[in-house]
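To keep things clear, I will list the structure first and then write my remarks on it.
The values are calculated or read from the model by the stated rules, or taken from the named source; none is laboratory data. These numbers come from a predicted model, not from an experiment. When we count neighbours, we look across all protein chains shown, and the Cβ atoms used for this are built from the backbone with ideal geometry, even at glycine.
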Amino acid sequence: MQTTGKPSGPGRQVWENLSIVFRSRVATAGLVIILFWILVAIFAPILAPHDPLAQDSSAINQAPSRQYLLGADNLGRDILSRLIYGSRTILLLAPLSVLCSVAVGTLLGLIGGYFGGLIDEVVMRILDAIMAFPTILLYLIIIAAIGPSALNVVLAITFVGAPGVARLVRSLTLDIRTRDYIRAAETRGENPFYIMFLEILPNARGPIIIDSMLRVGYAIFSIGTLGFLGLGLPPPTPDWGGMISSARKFIWTNPLGVLWPALAISSLVVALNLFADGLREESTRYQ
Amino acid sequence: MHESHIQDNAQMGPSDGWIPLGKDPLQQPRDVPVLSVERLAVSYETRYGDVPAVRDVSFTVQRGEAYSIVGESGCGKSTVAFSIVSFLGRNGKIVDGHVLFQGRDLVGHSEEELRKLRGDRISMVYQDPMQALNPSLRIGEQLAEVLTVHRGIGQSEAEDRCIHMLEQVHMPDPANVMRRYPHQISGGQQQRVVIAMALLNDPALLIMDEPTTALDVTVEAAVLDLVAELQHKFDTAIMYISHNLGVVARVSDQVGVMYAGTMVERASVNDVYLRPSHPYTLGLMRCVPRLGMDKAASYLYPIRGRVPSPRNLPPGCIFEPRCDFARPVCRQKSPEMCEVEPEHWARCHFAAEILSGKLEPPQDAVPDLQALAERRASDETVLRVARAKTYYEAPSKQLIGGEKQYVKAVDDVSVEMKRGHTLGIVGESGCGKSTLVKTIIGLESPTGGEFEFMGMDISMPVSKRSLDLIKELQMVFQNPDATLNPSFSVGSQIGRPLRRFKAVPAHQVRDEVVRILDLMRLGENYYNRLPRQLSGGEKQRVGIARAIAGRPELVLCDEPVSALDVSVQAAVLNLLLEVQQEMGTTMAFIAHDLSVVRFFCDTIAVMYLGQIVEFGPAEAIYAPPYHPYTEALLSAVPIPDPRAAQKHIRLSGSVPSALHPPSGCRFHTRCPRRLLLPDGGQICTVEPPPWQRNTDEHRIFCHIPLDTLRQMDAVVTIQE
């Protein structure tokens, strides 16, 4: 039973979690693609052959060539460089917005699930009301009200995503709070927030992490959609959704201009889904 | 429904109404054993390679015989059963040996051939009846299906046979039960339905895998009666799997003892229990308390160490690392099963010496608990609960308005506890014992009554108590897997109460935790372990360590050993005793095992439907005069001694709902002794009984005069 030879303490935890990932081929494939995009985002200035904002009027809607490997867009900007820089935006905004929605959702879910009764009733009915709106309509209303900007995109995704997280955390809390170690904490007279955050939350982290992975995928979709609808980042920021939107008008002259950013979005979303699925399967298999 | 059976002999003759079900094409002469297992070995494929779950298991079961396989969890009992019905799952396979059913080998055939060989002549009954019954089908449909689908019998005839079979298993009102869904009948009745379903095929072999483990002791006793009756009436061979030595002693003719995947001893039930010749069997017999043993006069000898993992078996004898008699030869050579005396087999190099008494188990290292107990015991009352009431509001069936209804989980209960003493609380599930304890510790709010702890009022929930008061009341829980937070190390979980109650200065917390770990026989290397790296017994010890860390005055134990194997149970009980002696802790101890309660407790409260019906010193509870309910409980408790004779008292029906408890004496609907009263017990239905004092400390809540109760015989007698 002793795990001698392996790192102990938090190091061991990380090691065990990583070994779960590598046990699953699906999760490994997902992780490789995600890491690829993360590296691209980090080394964007080195990798990008051109300035993503530089316009070349001689290359408008050009097909792939030696100079512009993936072609150029309607303003003559290099699509490859815009894709590379676009990964920075999306990989910053998507996890950030998910982090915010998980933080808000977890807090509400813990409170509703642990206290129960009237508090639970009020919190959950408000969240139900939010969930009752069609997602896209909700985005439109929020962005239309507060204006398109990076911060507002994060706010919108937090607002729309938090109820789902809260539902998940609440159901986990309802289960965990019946365990004897929660009774033990109560008989020690621990305060409710100690019990929620130190006794319950650490044991709910597995499903929350897996859910967050999937949510990052959805967030990428949402950011793409908002970009496509012109509610995302203000131009000329390289943004995959925005790129599809502007290339769409020229789809007959330069179909590849739509294809590349679409591929980028779907590869990242699929990778996140693979990663989350693999992780879930492996972590629940031998419990 | 409400009449009771009192019979002094358990066996009934064959009933006249029994109709045999068709001719048996596979009928064998009587001398061919129904089941013969020869050198069976089973492995499971895992990602770490093949794991040998069962090795070299041989036994035979004859017609009309009950063969029990007994052993602790994880020793391969169920795997043996599953290999007989070839239900090993995708990764299990029989790697060696034979399974002969009525003389034909079942090993090495396809599923289709097996079906022909076995016919439908092997039936199996599992532990949890709710898993065996389909919750969305009526019981009648499920039962009739067995006959209509497998035997092509017409619907109406099948239903008649099913009703008849339900009568055979003593199901009250069978025609009505046929129309119900599984959740509408009680657990004991569900298990009767499953048994009836198994018997519908007229099996030659009935395999029962822990069929009574999930049931209350009174229900268990009735199901065991049924098993014995069916065995004789149907002449079925029964293979009975259990971890409970008491149950096995009651049902079996022959016993096989399994340890770590192999059979270590097999013989008749008397030989195994009275003349064990394998050190493991001997150890098992020495670590269970027998009814009547108490902590002052006897000691439980736990088996040290733990069962080896099948992946990691010791060389030589598998029991060698835990054996008191181990010698060098045991480490080198694995013993074969040998016949110590006729029909008595054991897998030990020294079986003959153990049987003849040349080798005796060590008797030393027994602390003088009697002397310690006398030193500690005092007359100071620590806890006084008077007329306690805890009601739960039942959800109203009407949408709006309607009268509020209450589940009276604890109703008018008075107990007092003395410093350094242990109070045992016993009763069937749902009698309110857990609620009482939870109210005392403040997890539930009382509806009424006085709660006084060391002169302080404690009739409020834990959130309203002062830290000083909270520190004095701690709790040990039942389920070892849920008692510890899986995310934190052992050390931090024991250290938390120390920090919270400031029991020691912050910089000494670690040293104190290590000291407590030592007291728990766990050692410092457990400090950084996570709960999933511990065995059940170790988890329970950490749970106890956490409860006692702040040196509370009163520790409430809610079934602390019920989920543990017997050898581990003994170690945990000894540990609790030591803690109590060392710290002078007062304890309340909930348990359903009356032998354990008798062993461990000084005072006992017997609860029924939210009320205490008998209260007194342990020895007084277990001798006449009894409350009729106590008497019924004692007659139902399985005793790990085949010589034990118990009065046959079975309670009919199940515990009534606490939402509408019966009027007068709550036990009157099931009381087998009511008729002893001159008017046939009319008064019981109307008036709550008085508390009758037998001695100063012993009181009984009953209308029947003490003199009548005193004349009863003792429930349990041991025939020499």
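Some points to look at:
- Filter pass, residue A:96 being surrounded by 15 or more Cβ atoms within 10 Å (Cβ to Cβ) and not basic (Lys, Arg): yes
- Total residues in segment A:25-83, condition polar (S, T, N, Q), touching an Asp or Glu at 6+ places or on another chain (Cβ under 9 Å) and within 20 Å of residue A:271 (Cα to Cα): 0
Results for (1) of a type in the set (Gly, Ala, Ser); (2) in contact with an Asp or Glu (Cβ under 7 Å, 6 or more places away or on another chain), shown as yes or no for each residue.
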site	(1), (2)
B:129	no, no
B:140	yes, yes
B:147	no, no
B:156	yes, no
B:162	no, no
B:167	no, no
B:173	no, no
B:181	no, no
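- Annotation: residue A:146 fulfils all but one of (1) in contact (Cβ under 8 Å) with a residue 24 or more places away in the chain; (2) β-branched (Val, Ile, Thr); (3) more than 14 Å from every other protein chain (Cβ to nearest Cβ); the unmet one is (1).
- Selection of segment B:223-244 for residues being within 25 Å of residue B:592 (Cα to Cα) and either at pLDDT below 90 or charged (D, E, K, R) (or both) yields B:223, B:224, B:225, B:226, B:227, B:228, B:243, B:244.
- Residues satisfying the stated conditions in segment B:438-466, i.e. within 11 Å of chain A (Cβ to nearest Cβ), surrounded by fewer than 22 Cβ atoms within 10 Å (Cβ to Cβ) and of a type in the set (A, V, I, L, M): B:443, B:462
- Flag for residue B:159 being among the acidic types (Asp, Glu) and either touching a strand residue (DSSP E or B) at 6+ places or on another chain (Cβ under 6 Å) or closer than 24 Å to residue B:230 by Cα (or both): yes
- Test result for residue A:157, within 14 Å of chain B (Cβ to nearest Cβ) and within 19 Å of residue A:108 (Cα to Cα): no
- So residue B:425, is it within 14 Å of chain A (Cβ to nearest Cβ) and either touching a residue at least 24 places away in the same chain (Cβ under 8 Å) or surrounded by 21 or more Cβ atoms within 10 Å (Cβ to Cβ) (or both): no
- When segment B:25-57 is filtered for residues that are under 24 Å from residue B:116 (Cα atoms), at pLDDT below 85 and of a type in the set (S, T, N, Q), the ones remaining, listed by number, are B:27, B:28.
- Scanning segment B:85-107 for residues that are more than 12 Å from residue B:34 (Cα to Cα) and aliphatic (A, V, I, L, M) yields B:85, B:88, B:94, B:95, B:106, B:107.
- Filtered residue count, segment B:361-393, keeping only those that are modelled with pLDDT under 75 and either farther than 22 Å from residue B:616 by Cα or assigned to a helix (DSSP H, G or I) (or both): 16
- Lone qualifier among A:283, A:245 - being assigned to a helix (DSSP H, G or I) and farther than 30 Å from residue B:532 by Cβ: A:245
- If you go through segment B:66-90 and keep only what is part of a helix (DSSP H, G or I), within 23 Å of the chain's Cα centre (by Cα) and of a type in the set (Ser, Thr, Tyr), you end up with B:78, B:79.
- Selected residue (criterion: farthest from the other protein chains (Cβ to nearest Cβ)) from residues of segment B:467-484 that are in a loop (DSSP other than H, G, I, E, B) and modelled with pLDDT of 90 or more: B:484
- Of the helices (runs of 4 or more DSSP H) entirely within segment B:490-574, those holding at least 2 residues that are within 11 Å of chain A (Cβ to nearest Cβ) and in contact with a helix residue (DSSP H, G or I) (Cβ under 8 Å, 6 or more places away or on another chain) occupy B:490-500, B:536-548.
Residue by residue, here is whether (1) crowded, with 21+ Cβ neighbours inside 10 Å; (2) over 24 Å from residue B:637 (Cβ atoms) holds:
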site: B:196; (1), (2): yes, yes
site: B:204; (1), (2): yes, yes
site: B:218; (1), (2): yes, no
site: B:230; (1), (2): no, no
site: B:238; (1), (2): yes, no
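- Of B:265, B:229, all but one fail to be charged (D, E, K, R) and in a helix (DSSP H, G or I); the exception is B:229.
- Given (1) more than 26 Å from residue B:638 (Cβ to Cβ); (2) buried (at least 22 other Cβ atoms within 10 Å of the Cβ), number of the condition residue B:280 does not satisfy: (1)
- Note on segment A:180-210: residues that are at the interface with chain B (Cβ under 7 Å from one of its Cβ atoms) and touching a residue at least 12 places away in the same chain (Cβ under 8 Å) amount to 3.
- Identity of the residue in segment B:577-590, assigned to a helix (DSSP H, G or I) and touching a residue at least 60 places away in the same chain (Cβ under 8 Å), that ends up farthest from the chain's Cα centre (by Cα): B:582
- Within segment A:22-49, the only residue that satisfies the criterion of being touching a residue at least 40 places away in the same chain (Cβ under 8 Å) and surrounded by fewer than 12 Cβ atoms within 10 Å (Cβ to Cβ) is A:25.
- Selection within segment B:96-117 - surrounded by 15 or more Cβ atoms within 10 Å (Cβ to Cβ) and in contact (Cβ under 8 Å) with a residue 24 or more places away in the chain: B:96, B:97, B:98, B:99, B:100, B:101, B:102, B:114
- Listed by position, the helices (runs of 4 or more DSSP H) inside segment B:121-203 whose residues that are under 23 Å from residue B:235 (Cα atoms) number at least 3 are B:139-151, B:155-168, B:187-200.
- Residue tally, condition in contact with an Asp or Glu (Cβ under 7 Å, 6 or more places away or on another chain) and among the aromatic types (Phe, Trp, Tyr), over segment A:158-195: 1
- Pairs with Cβ under 8 Å, 6+ apart, first in segment B:684-697 and farther than 13 Å from residue B:625 by Cα, second β-branched (Val, Ile, Thr): B:691/B:700; B:697/B:603
- The lone criterion from (1) within 30 Å of residue B:597 (Cα to Cα); (2) touching a His at 6+ places or on another chain (Cβ under 6 Å) left unmet by residue B:120 is number (1).
- Some residue of segment A:219-230 being under 26 Å from residue A:168 (Cα atoms) and surrounded by fewer than 24 Cβ atoms within 10 Å (Cβ to Cβ): yes
- Residue check for residue A:215: in a helix (DSSP H, G or I), within 10 Å of another protein chain (Cβ to nearest Cβ) and either touching a residue at least 60 places away in the same chain (Cβ under 8 Å) or not aliphatic (A, V, I, L, M) (or both): no
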